[in-house]
Amino acid sequence: MNKHNDREWQYTWAAHDAVDERHHGSIQIPIYQTSLFAFESYDKFKQAANNAQTHHVYSRGNNPTVRYLEDKLAELENAEMAKCFASGMAAITAAILSVVKAGDHIVCMDQAYGPTREFVTHYLKRFGIETSLVDGRSPDNIRSAVRPETKLIYLESPTSMMFQLQDLAACAELARSRGIITIIDNSWATPIFQRPLEMGIDLVVHSITKYISGQSDSVAGVVLGSERLVSRIAEDEYMLFGGIMTAHTAAQVTRCMRTLPLRMERHERSALSVAEHLISQPYVLRINHPALSSHPQYELSLKQMKGSSGLFSFECGESPEKMRQWANRLNLFKIGVSWGGFESLVTVNPAITGCVGEARSLIRLHIGLESAGDLIRDLDQAWATVTADDK
Ligand SMILES: *Cc1c(COP(=O)(O)O)cnc(C)c1O
């Protein structure tokens, strides 16, 4: 059995570190609040400067507090190397730019995170890079979109509005047979529930802002993969664009990481309770949650994920205006973007054209760490209140 799938191993990963004499046995990693590292002799300086990845020379390259978090996250994701960035988008754009050059072609999921799609379809066009957006639910769609000049397949599974999956093993096999690099945004599942590198995906990116932080107090990102691919990103995109994670953010995220397995278990259980309650509600047409047996890709979700997190959506026959009135009546769910934190959130959007039949709105819920029973009562009272208002 792969130890990474063992929840007990994950708990010990989160809580345990060997005593490090360099830090006087400090139980938390100290915050190295320094821009540069000085040397006693020119020989030592030169030796470090020649191996800036393994030594500490300058904090835009390698800071010990940040490195500590990178090593911990690499261990959890079963990656050789990790590099932490100032945001999820800094990590995503660095990873993409490490793969493509003028004249290349990208295949990207049509339901990928909005700013990621904006980057590949519009921004990269200025540099002579073409992108095809595809519905990745079928590997055949991805295969048909591949061209001789395709250098990157960009995945996000599940996607974060419609919760569509891609078959990661099939995508990895297709890409490897054509010499194409694969990147996946794994923010929804986290390494607790899905480890794409073990399925042959080349690079994993996370918005740490979401579950890995989990406290809605940091914006951060990470790229993980083989030493060959990630050290190239560390030398080029990390050093040249300078979108670094600070030592303070690394220390803050390290604190949050200690409870990641605990929190994910709780998000999973509560979100399933709320989703199961919603199935029978009159305003719900369809629930988009990969761990419900009604999800069209339920079998695939069981095959490639070990669990599910707290973010899902449902489709609704009511108008967005009416559902916004409903959202206004919620007491425990707050209206806001982002997700992955301790707090429950709601957004109401018009239904995505082409994705749904009779639905008029798409409601996304993030289930936080509150009592699931309280959240269910809150959803019910808000619906009772808006329907009473109608009469
Ligand atoms: C939020 C988010 C990002 C971007 O992360 P930031 O930390 O906000 O830059 C990327 N992918 C997904 C799926 C996200 O939800």
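Among G128, G200, G242, which one shows the biggest mean-square fluctuation in a GNM of the chain, springs joining Cα atoms closer than 10 Å?
G128
So which GluC sites (Glu not before Pro) in segment 94-179 end up in coil per DSSP with only 12 or fewer other C-beta atoms within 10 Å?
The qualifying sites are E149.
If you average the sequence gap of Cα pairs under 8 Å that are 6 or more apart and divide by the length of segment 201-312, what percent do you get for the contact order?
RCO, segment 201-312: 21 percent.
Using a ≥ b ≥ c from the Cα gyration tensor of segment 260-390 (square roots of the eigenvalues), is it rounded, prolate or oblate, where a/c under 1.5 gives rounded and otherwise the larger of a/b and b/c decides, a/b for prolate?
Details: a/c = 1.86, a/b = 1.24, b/c = 1.51.
Taking the square roots of the gyration eigenvalues as a ≥ b ≥ c, segment 260-390 is oblate.
Excluding same-chain residues fewer than 8 positions from K210, which aspartates and glutamates have a Cα within less than 18 Å of its Cα?
K210 reaches E70, E77, E156, D185, E265, E268, E343, E370.
K46: which lysines have alpha carbons under 24 Å from its alpha carbon, excluding same-chain residues fewer than 8 sequence positions away?
Within the straight-line limit of under 24 Å, K46 reaches these lysines: K83.
Can you put I129, I208 in order of Cβ neighbours within 10 angstrom, beginning with the fewest?
I129, I208
Based only on other Cβ atoms within 10 Å, what is the fewest-to-most ordering of S294, S98?
Starting with the residue having the fewest Cβ neighbours, the order is S294, S98.
Restricting to bridges with both residues inside the chain, how much of the DSSP beta-bridge set is antiparallel, in percent to the nearest 5?
The antiparallel fraction comes to roughly 60 percent.
If r is the Cβ-Cβ distance from H55 to R255 and R0 is 25 Å, what FRET efficiency results, to the nearest 0.05?
With a Förster radius of 25 Å, E is 0.40.
A327: net charge of surrounding residues, Cβ under 12 Å, Lys/Arg +1, Asp/Glu -1, itself excluded?
On the way: positive: K322, R324, R329, K334, R364; negative: E318, E321, D378.
The answer is +2.
Using a Gaussian network model on the chain with a 10 Å cutoff between Cα atoms, which of A18, A175, A372 fluctuates the most?
A18
Using the beta-carbon distance between R126 and E235 and R0 = 30 Å, what value does 1/(1 + (r/R0)^6) give for FRET efficiency, to the nearest 0.05?
Details: r = 24 Å, r/R0 = 0.81.
With R0 = 30 Å, the Cβ-Cβ based efficiency is 0.80.
None of the figures in this text is laboratory data; all of them are computed from the coordinates on show. As the structure is a computational prediction, the values presented were derived from the model and not from experiment. So basically every Cβ, Gly included, is an ideal-geometry build from the backbone, and we count neighbours across all protein chains shown.
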